[in-house]
Amino acid sequence: MSRNILTAVAWPYANGPRHVGHVAGFGVPSDIFSRYQRMAGNTVLMVSGTDEHGTPIQVQADREGVTARELADRYNRVIAEDLQGLGLSYDLFTRTTTRNHYAVVQELFTALHRNGYVTEHSQLSAIDAATGRGLPDRYVEGTCPICGYDGARGDQCDNCGNQLDPQDLIDPRSKIDGQPPKFVESAQFFLDLPAFAEALAGWLQTREGWRPNVLKFSQNLIDDLKPRAISRDLDWGVPIPLPGWEDRDDKRLYVWFDAVIGYLSASIEWARRTGDPEAWRAFWQNPEATSFYFMGKDNVVFHSVIWPAILLGASGKPHGDAGAHGELDLPSEVVSSEYLTMEGRKFSSSRSVVIYVRDVLERYGPDALRYYLAAAGPESSDTDFTWEQFVTRNNTELVAGWGNLVNRTLSLVAKNIGAIPPAGDLTTAEDKVVLEASKAAFDTVGGLLGRNQQKAALHETMRVVGDANKYLSDQAPWKLKDDPDRRATVLHVALQLIDDAKTLLTPFLPHSSQAVYAMLGGQGVWSGLPELVEVEDLDGGPAYPVLMGDYAGAEAVWQSRPITPGVEIGPPTPLFAKLDPSVVEEELARLEQG
């Protein structure tokens, strides 16, 4: 039975192009999951967009001599183009500066305020000494007062996991210029997180299948919840929708508050754009629907504690009335990846320790990057991206493994038969065993993908490829010129194995899987790719680009389907390019040059 599945993907910040570390956490894993679920017959809504508010945007805009909106416009397009090139199958990739988003954020704030979960208090706010602007919590660093870690941020310590406020830090400093910030008394609005502690604890106890580190970390936060400011002294963000506040140019809702609401606002925008304004409700107000949130581990607290609290409060729970959007479902699972480092160093655009997605796409193509991140990414532990590993996996697993299987099999068929041959008699045990194992892999790999164990799923898939290569080598159809019937059977089996492997690899490698589908005589779109579409703001704001796609009309399904004898097979084209070992030194030199 088909299920409705919301894939909620972390919102990349629009102050620059995204690097490989970013898409390793939120991008590729969410797309692999969504593509599999669509192939399995489920209805998927995959949404996200660029996160465009807050001080970091203003700081970068000042450096470049443009307005905050101009900067957001530029990088919204750059990021959308890169994610399109990577093949991420968003149903809608939008942005947080739409009027639709503003309206949804303000409505949830109003519901929380009306139910008593948002209250006004005075607090010490961090101000940049040079510019006089408010500093977001994450732009203040110092020593954690709890564990003594010297790299703690103003919202939490990544070492001990405790929530913090900027003024709690020992020797705080601004990330902008390294100078101590000023702390001034300022009226702000606070989300009463302790009011949700009991409800959140009970909900977390019901979570099954979560990665243990994510669940344990989230549960450990509950006992120490404190009210958290959701407004800041800024002029770039969503206005506060209360009398006396909505027209002020020095107060805005804090960027983390409006960004998480983007999952809902993007779903509503998608519904409006696709002609059924109420369609979003099937993913947000349906006890049979499930929702999966993909991100890096530094965003767990926002998705496993703060966002559920917002959803509860706006739904009138534990007390109060539901807002204009009604009662809203909590996340089914928070799927968090660990950190990806770069040649032993932390990714850092400011320090030029970075590999931008666009550069990798231009030099090596999307599937080579997708494969590496799926096979060696930070799924459950911190991992290190190295160019040596990238080249090795490309050459040995993609080129010599999968690509070689396709190339030599289709070359033999094109040269000797010209079409998919009939199966004939499966006369050896090897014929039946390898076909049965290939068919059985769909349950094994599908089960792993459904549980977001993507590394294990890819390993099982490549085992099928390895078995197919061994079968072809053992049966040696090139030696069967005097037995054309047996040769035809062997090649038929090999082609069936290739067709199965192509399907199993589709969530990981949509571009090359489309190529294999076409080489095997398939017509039309096997696995849909996103399109970059220029749209008008639905409520009268400026136009902007979005990513959307027709994925429901694709041919890909999650099952082994018999190939059709008689379909013409021409000479194959290479799926992947073998990389010269010199690539490693070239890329390391680029890294050192910055």
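The values are calculated or read from the model by the stated rules, or taken from the named source; none is laboratory data. Model, not experiment: these values are computed from the prediction. All Cβ positions, glycine included, derive from the backbone under ideal geometry; neighbour counts span all protein chains shown. Accessible surface areas use protein heavy atoms only, side chains included; no ligands, DNA or RNA. Shrake-Rupley method; radii C 1.70, N 1.55, O 1.52, S 1.80 Å.
Quick notes
- Residue-level accessible surface for C160, protein heavy atoms, 1.4 Å, Å²: 50
- Solvent-accessible surface (1.4 Å probe) assigned to Y339 amounts to roughly 80 Å².
- Long hydrophobic helices in the chain: the complete DSSP H runs spanning 20 Å or more by Cα along their own axis with mean Kyte-Doolittle hydropathy of at least -1.0 are 68-86, 99-114, 255-273, 429-450, 454-475, 484-505.
- Theoretical ellipticity at 222 nm over the chain - DSSP helices of four or more residues, -39500 (n - 2.57) apiece, nearest 500: -12500 deg cm²/dmol
- Considering only GluC sites (Glu not before Pro) in DSSP loops that have at most 10 other Cβ atoms within 10 Å, the longest stretch of the chain without any of them is 289-535.
- Each of S34, Q496, G65 was scored by the projection of its Cα onto the charge dipole of the chain, and the greatest displacement toward the positive side belongs to Q496; charges sit on the C-beta of Lys, Arg, Asp and Glu.
- Segment 271-301 and segment 25-85: distance between their alpha carbon centers, rounded to Å: 16
- Between G132, V433, M548, the Cα set farthest toward the positive side of the dipole of the chain (charges on each charged residue's Cβ, about the Cα centre) is that of V433.
- For the chain, the fraction of C-alpha pairs farther apart than 47 angstrom is 18 percent.
- Segment 246-292: trypsin sites (Lys or Arg not before Pro) falling in loop per DSSP and having at most 14 other Cβ within 10 Å: R248
- Charged-residue dipole, Cβ positions (Lys, Arg, Asp, Glu), the chain about Cα centre, Debye nearest 20: 1040
- Counting only DSSP beta bridges whose two residues both lie in segment 247-406, roughly 25 percent are antiparallel.
- Taking every C-alpha pair closer than 8 Å and separated by at least 6 residues, the mean separation divided by the residue count of the chain gives a relative contact order of 18 percent.
- Full extension of the chain segment joining E568 with A429 gains 47.2 nm, where the gain is 0.36 nm per residue of separation less the Cα-Cα distance.
- Cross-link pairs beyond the 29 Å C-alpha cut-off, checked among K297/K578; K297/K470; K297/K317; K415/K455; K226/K317: K297/K578; K297/K470; K415/K455
- Dipole of segment 358-452 [Lys/Arg +1, Asp/Glu -1 at C-beta], most positive-end residue of L361, V413, T396: V413
- Taking the Cα centre of segment 227-377 as origin and assigning +1 to Lys and Arg Cβ atoms and -1 to Asp and Glu Cβ atoms, the resulting dipole is close to 500 debye.
- Assigned charges on the beta-carbon of Lys, Arg, Asp, Glu; segment 113-188 dipole about Cα centre (debye): 200
- Net lengthening on full extension, A577/K182 (0.36 nm per residue, minus Cα-Cα): 136.7 nm
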